[in-house]
Amino acid sequence: MKKTEQKNKRLPTGKLKESILLRSVLRQLPTRGEALLAGPSIGEDCAILKMENELALTANSFFFTEKGRAGDAVYHAINDLLAAGAEPMGILLTLLLPENFWESQLKALTSQISDVCQKEGLTVMGGHTQVLPLVSSPILSITGIGSKKQTPETDISSYADLDIVVTKWIGLEGTLILLSEKEDELNTRFSPSFLNAIRKWEPLLSIRPEADLAKRFKAVKQHNVSEGGIFGALWEMAQAAGTGLEVDLKKIPIRQETIELCEQYEWNPYLLNGNGSLLLYLKHGQEYVEAARQNGISAAVIGRTTAGNDRIIYNEEEKRFLEPAGQDELYQLLEPQLL
């Protein structure tokens, strides 16, 4: 058997063999960092870190189709940490794979993760990879690890009467995923220039530029706009802050490309994964928006926080009350595969 054929075979059930783990996972990932005393290697049970500041942790899980974008999962961890005011350091990975998975697919998935980690200066500090009979699609679980300097706690009373700002535009990552999953269909309905404009959004998935700017403006509270879209993020942030809100739907930034792709599948773009956007509570929102634009970052003031519990969305004369976050529209991509 040729050497290339040996490396492109179905993965055996259970814990990965040492040879496969080394060549298709560990050797591809950045696994060294200044704070990492013990990292991912054969025989190591734990990652050991040397810390001086507060430790920030975040955890997320992701399903993948054959066209899955594993690098996006890393950006979820990065953006969660940045929104919390922490500096991302590294990630822990858990990959649960179906029995019909090939080693070449594992290597491709790992490569996507590695590309983002190297671009963002992250270390893969540890993890676990296993093939299981009850798993029908690849599942990736990521724990993001960051360092945060201790800052004075904000008085809860200061959360009321603040500007609400959102950066870039809503549905950013969700639109990219939708294009990736439905590319063949969409190529028959839209021009190449229209779809290529969406592809150019890829470098915008990190919220680092606007999160760094938020430190200068002493943002009172921040939240990564991810699963559940902008409506989900608005509700969750209001819950965390214990505030009400009033938001003008017309002021929420959204791209025409997102609107048109969502219309093709009768999706609500306001419930579409918005990773790549940052939601902020600020005392001087318009000043932040102007500074952001000077730094090449689009942003908009979309409303104000209130002292009550009502969370209201205005659309001209129409008034509706925001509800707890619902299911992200992207799950409709998975439903046919899970039946």
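The numbers here are math on the coordinates, done by the rules we state, and not lab data. Values in this document were obtained by computation on a predicted structure and should not be read as measured data. Note that we place each Cβ from the backbone using ideal geometry, even for glycine, and neighbour counts take in every protein chain shown.
Give me the net charge for the shell around N187: Cβ to Cβ below 15 angstrom, other residues only, Lys and Arg +1, Asp and Glu -1. The answer is -2. Distance from the alpha carbon centroid of region 291-326 to that of region 50-101 works out to 28 angstrom. Calculated over region 114-207, the projected area of the Cα convex hull averaged across directions stands at 11.4 nm². Cross-linked pairs K149/K218; K221/K283; K67/K168; K148/K168; K9/K107: Cα-Cα separations exceed 21 Å for K67/K168; K148/K168. Taking other Cβ atoms within 10 Å as a rough exposure proxy, D248, D184 sort from fewest to most as D184, D248.
For F321, F194, the sequence from fewest to most other C-beta atoms within 10 Å is F321, F194. By the beta-carbon count within 10 Å of each Cβ, the least crowded to most crowded order of H128, H76, fewest first, is H128, H76. Taking the alpha carbon gyration tensor of region 156-338, multiplying each eigenvalue by 5 and rooting it gives semi-axes of 28, 19, 14 Å, largest first.
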